[in-house]
1. Using 0.36 nm per residue, how much length does the chain from residue 30 to residue 55 gain when fully extended, once their Cα-Cα distance is taken away?
2. In what sequence, highest mean first, do 153-159, 45-51, 79-85 appear when ranked by Cβ atoms within 10 angstrom?
3. Mind pulling the per residue volume of the convex hull built on the Cα atoms of segment 14-60? Å³ is fine.
4. What is segment 15-79's relative contact order, in percent, from Cα pairs under 8 angstrom and six or more apart in sequence?
5. At 0.36 nm per residue, minus the direct Cα-Cα distance, what do residue 106 and residue 176 gain on full extension? Give it in nm, one decimal, please.
6. Note down the nm distance, to one decimal, between modelled labels 7 Å out along Cα→Cβ at residue 125 and at residue 19.
7. Roughly how many Å is it from the Cα centre of segment 3-25 to that of segment 81-100, as a whole number?
8. Pairing the Cα long axis of helix 145-157 with the longest principal axis of the chain, what angle in degrees results, from 0 to 90 and rounded to the nearest 10?
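Only the coordinates and a few stated rules stand behind these numbers; no lab work does. Just so it is clear, the structure is predicted and the values come from calculations on it, not from any experiment. Note that we place each Cβ from the backbone using ideal geometry, even for glycine, and neighbour counts take in every protein chain shown.
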Ligand SMILES: Nc1ncnc2c1ncn2[C@@H]1O[C@H](COP(=O)(O)OP(=O)(O)OP(=O)(O)O)[C@@H](O)[C@H]1O
Ligand SMILES: [Mg+2]
């Protein structure tokens, strides 16, 4: 199974300040499949996504991402796991001092096969795929929110990740741009065969889901799609 979680629990803080925000969470996701997680603010969605994305370590439960057991791996293992994961966040995640090309290419620098000329070709192809083939030399500040988010999608996907983690990717967008971004994520994920796990409050994104989960007070349950 490409992504599988079982019995995951997570607590912020210790002692009297301890707060358990994930309780016995289990889920599975297949390649090419889109899982959408909904749930009230503070229910634990971002916490779960940061664990799945190897950005946060945990002590209780099993999390396996394409064969890596994240709970048993050391810092180096987490860094390696992270290279097979693409992240898309709500906003403010492009570097303003870098051009669009450079932002997208930043997704490639850590790869062993990184090479400036090849990186530019891959960045250009991915920008074209998100409809921004002519904007590579522009800077993020000259683009709309929807265009910037499409650059973020290109950056997450340019290294052909096995898994895409998206945390409210449409929250800062208008209806039309949000729809475009979710459609792009879905179509590219299907084409590349990667797993997508996306938290969203945006009902207009639900159409893209193969599987819907709902988080409430740290517990995750399946909704019928
Ligand atoms: N670094 C932290 N230290 C302590 N508590 C935290 C920390 N980060 C989050 N929390 C708490 O954990 C709970 C879950 O937060 P989380 O960010 O996972 O929720 P969420 O479902 O993503 O909410 P939202 O929809 O608002 O983004 C919240 O009550 C939050 O206050
Ligand atoms: Mg959140």
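1. Roughly 6.9 nm would be gained on extension.
2. Details: 153-159: 25.1, 45-51: 22.1, 79-85: 17.3.
Ranking, from highest mean packing down: 153-159, 45-51, 79-85.
3. In segment 14-60, the Cα convex hull volume per residue is 104 Å³.
4. 21 percent
5. Once the chain is fully extended between residue 106 and residue 176, it gains 22.5 nm.
6. Taking the two extended label points, one gets 4.5 nm.
7. Segment 3-25 and segment 81-100 have Cα centres spaced 27 Å from each other.
8. 80 degrees
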